[in-house]
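Engineer: One structure follows; several queries about it will come next.
The values are calculated or read from the model by the stated rules, or taken from the named source; none is laboratory data. What you are looking at is a predicted structure, and each value in this text was computed from that prediction instead of being measured. Here the Cβ positions follow ideal geometry from the backbone for every residue, glycine too, while neighbour counts run over all protein chains shown. Ligands, DNA and RNA are excluded from the accessible area calculation, which covers all protein heavy atoms including side chains. Shrake-Rupley method; radii C 1.70, N 1.55, O 1.52, S 1.80 Å.
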Amino acid sequence: MGYLISETTKEEREAIVAESLGNIEANCDGCMPGLAEMYQDYIDGKKELRDINMEFNARYVKADDMPHRGQSCGMGMR
């Protein structure tokens with residue numbers, strides 16, 4: 001079974017996310033609802049898993065870690 005939207009049904013994508021996150025109904029620790037919500041666009045067929053994960057990871061990259069990023073948009077280095 002594939003993971004791409006084109007290779008799965010909505011029900012299969014729900015199962016993929018549920019299996020990956022564990023029991024998403026057990027939100028007693030407070031973070032599971034946010035994780036499940038993060039993947040809703042994948043379940044709905046709007047974004048691929050890869051895109052969601054890349055967006056999530058990009059939030060943790062500082063400009064100092066990638067100096068060339070700030071230069072390309074004309075902002076210069078901070």
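Engineer: Just for segment 1-13: of the residues that are in a loop (DSSP other than H, G, I, E, B) and either surrounded by 13 or more Cβ atoms within 10 Å (Cβ to Cβ) or touching a Cys at 6+ places or on another chain (Cβ under 8 Å) (or both), which one is modelled with the highest pLDDT? Let's see the steps before the verdict.
Structural biologist: Just the residues of segment 1-13 that are in a loop (DSSP other than H, G, I, E, B), to begin with: 1-4, 8-9.
Among the residues that remain, those that are also either surrounded by 13 or more Cβ atoms within 10 Å (Cβ to Cβ) or touching a Cys at 6+ places or on another chain (Cβ under 8 Å) (or both) are: 3, 8.
Numbers: Y3: 93, T8: 97.
The residue in question is T8.
Engineer: Let me ask something else. Quick one: how many residues across segment 37-57 are among the basic types (K, R) and in a helix (DSSP H, G or I)?
Structural biologist: 1
Engineer: Now a separate question. Please state which of the following conditions G70 fails to meet, knowing it meets all the rest: (1) of a type outside the set (K, R); (2) open to solvent by less than 50 Å² (accessible area, probe 1.4 Å); (3) modelled with pLDDT of 85 or more.
Structural biologist: G70 satisfies every listed condition except (3).
Engineer: Might you let me know whether segment 14-32 holds any residue that is touching a helix residue (DSSP H, G or I) at 6+ places or on another chain (Cβ under 9 Å), open to solvent by 50 Å² or more (accessible area, probe 1.4 Å), hydrophobic (A, V, I, L, M, F, W, C) and modelled with pLDDT of 70 or more?
Structural biologist: Within segment 14-32, none of the residues are touching a helix residue (DSSP H, G or I) at 6+ places or on another chain (Cβ under 9 Å), open to solvent by 50 Å² or more (accessible area, probe 1.4 Å), hydrophobic (A, V, I, L, M, F, W, C) and modelled with pLDDT of 70 or more.
Engineer: Which one of the conditions (1) closer than 16 Å to I52 by Cβ; (2) open to solvent by 50 Å² or more (accessible area, probe 1.4 Å); (3) at pLDDT below 90 does A36 fail to meet, given that it meets all the rest?
Structural biologist: Failing condition for A36: (2).
Engineer: Mind counting the residues in segment 44-64 that are over 9 Å from the mean Cα position of the chain (by Cα) and modelled with pLDDT under 95?
Structural biologist: Number of matching residues: 7.
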